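Here, each number is a calculation from the coordinates, and none is a lab measurement. As the structure is a prediction and not an experimental result, all values here were calculated from the model. Note that we place each Cβ from the backbone using ideal geometry, even for glycine, and neighbour counts take in every protein chain shown.
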Amino acid sequence: MERGDFEELTSLWLAPEDVAYAEDADPDDAEDTSISCVHPGWPALTGRGEVLRSYALIMANTEYIQFFLTDVRISVVADTALVTCTENILSGGPAPEDGDELGPLVGQRVVATNVFRRTREGWKLWSHHASPVLADADDESDTADDAGIADLPDNTEDDGPLA
């Protein structure tokens, strides 16, 4: 993404051919390999066409982008990996027509969840969901207290299945 290499970005996403199926398996029983993506402020996108078009659009309208990942957590179970992180993003729009400089730089912080699947070619991205961080971590406890969330009862006992 930072290099603007759409072909490389495309190769990082899971594709149907990345998943091996037994030769005698019924294709209707094949696992769903549809990819999904939620960019901050966007609706959920499903399927390679929608997801990759969204990245093409973002890349076409972003002159500069750089990601600084923090709070990275990784969990692997069998052939699936869950990666959460905070994406600290610095980006710039198109340059003004009368100069060679970048457009104004904008900083944004989002929290992201990424699901990867192990394939013959290595790990491939199956789902990406990013949401904007609206408050600083230091402000979270104050915000929860102000909203009365801290006063909610603790329902940690197992009362059986949810209704």
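Worth a mention:
- With a simple spin-label model that places each label point 7 Å from the Cα along the Cα-to-Cβ direction, the separation between D18 and V133 comes to 2.7 nm.
- Given R0 = 35 Å, the distance between the Cβ atoms of S36 and D98 translates into a calculated FRET efficiency of 0.30.
- 5 angstrom amide H check on I35, placed H, neighbours 5+ away: G47, R48
- For G93, residues with placed amide H under 5 Å, excluding near neighbours: E63, G103
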